[in-house]
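Below: the structure, in structure tokens.
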Amino acid sequence: MNGLSSFRGYPTVSGRPARLFSGLTVTAALALGMTGVGTATANADSVMDSVRLGADPVGVAVSPDGTRAYVATVDNDSVSVIDTATNDLIGTIPVGAGPLDVAVSADGKWMYVTTRDNSMSVIETATNAVADPVAVGVGAYGLAVAPDGTKVYVANVDEDSVSVIDTATREAVDIGGVGDGPIDVAVSPDGSEVYVANTVDDSVSVIDTATNAVLTTVSVGAEPRGIAVTPDGSHVYVTNSSGGSVSVIDTATNEAVAIDAVGDNLIGVAVTPDGSRVYVTAFNDDSVRVIDTATNTVIETLMVGDGPEAVAVSEDGSRAYVTNNNDATLSVVAIDSGKCTGSLCFGS
């Protein structure tokens, strides 16, 4: 046991009970009536819409073609499906008890969902058909799919292990020797390494995917929660929920530096496809902080819903999707293309 029992009693998030309020609390101004890619946007990121989900949202993923956003809604034991063209909730997919995180394969054909019953649900996206669940480790939480789609990696926070699932056979093996309280995982773009955020011992484990061996351990900030790799594989960004910092790991040296004073109770993290920006959710601030990767400074703050948790960016880099756990909404962020010179611009 590693002392995370109070932390793992979801829906408590780092000591703050989830869903304190039921009303919508999005405070950012809406962006000029936008309804889809290519419409007029302000020369800055803007919260363009809010989708009411009706249950505690946790993890979020976007399909590779950008047409769907998928949200793990823990209280409904289901995955919510959002049409990104209209930002409408168009359906729910029943899965195991208490879904927590969701990931989609690079070809868009399969979706994987971790649940609180120590299993991973497998969904065929063309039909939304759910296959038999795959048993993984105790306290399954964050997951990531290998770029070639052959493996899924699941962080087991109660067991101090990472489950590796062969997507062809749907059989799992566990990797031990990671840090205390592994809660999230990310795979390098070339698939050679897996990075594991260990929330109890303030570290990131680096796993060699060829051997499933832990290569090294990198010290980061207090209570790391989310982890993401830049598209070129050169850096790993880690949110530290205590202390409000983001750790940046240079993958060539496995040395970390800190970006301090980012926000209060940082959880989710995502990198844009061009690697220029990192989006970080600040749960207690009801905001998303935008980091410029060239300078590793916060360049923008977006007010979203109550208790933002996870964030995902579409593959074309035009939208970010943020789950707001406390008010059961999904914020849709229009990402500035960076090509505007005046007060308005017209899509990428």
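Only the coordinates and a few stated rules stand behind these numbers; no lab work does. As the structure is a computational prediction, the values presented were derived from the model and not from experiment. Here the Cβ positions follow ideal geometry from the backbone for every residue, glycine too, while neighbour counts run over all protein chains shown.
Brief remarks on what is shown
- Each peptide in 163-171, 244-252, 324-332 was scored by the mean count of other Cβ atoms within 10 Å over its residues; highest first, the order is 324-332, 244-252, 163-171.
- Label-point separation in nm, Val138 to Thr67, each point 7 Å along Cα→Cβ: 4.3 nm
- With an a/c value of 1.5 or above and a/b not larger than b/c for the gyration tensor axes a ≥ b ≥ c computed over the alpha-carbon atoms, the stretch 111-162 is described as oblate.
- Placing +1 on the Cβ of every Lys and Arg and -1 on the Cβ of every Asp and Glu, with no other charges, gives the stretch 127-215 a dipole of roughly 280 debye about its Cα centre.
- Net charge of neighbours whose Cβ lies under 15 Å from the Cβ of Val122, counting Lys and Arg as +1 and Asp and Glu as -1: -4
- Protection proxy ranking, peptides 104-111, 148-155, 124-131, average beta carbon neighbours within 10 Å, highest first: 148-155, 104-111, 124-131
- Within the shell of other residues whose beta carbon sits under 14 angstrom from the beta carbon of Thr169, the net charge comes to -1, with Lys and Arg scored +1 and Asp and Glu -1.
- Options Ile183, Ile207, Ala126, ranked by Cα towards positive dipole end of the stretch 125-248, top entry (Cβ charges): Ala126
- Å³ per residue enclosed by the Cα convex hull of the stretch 134-260: 83 Å³
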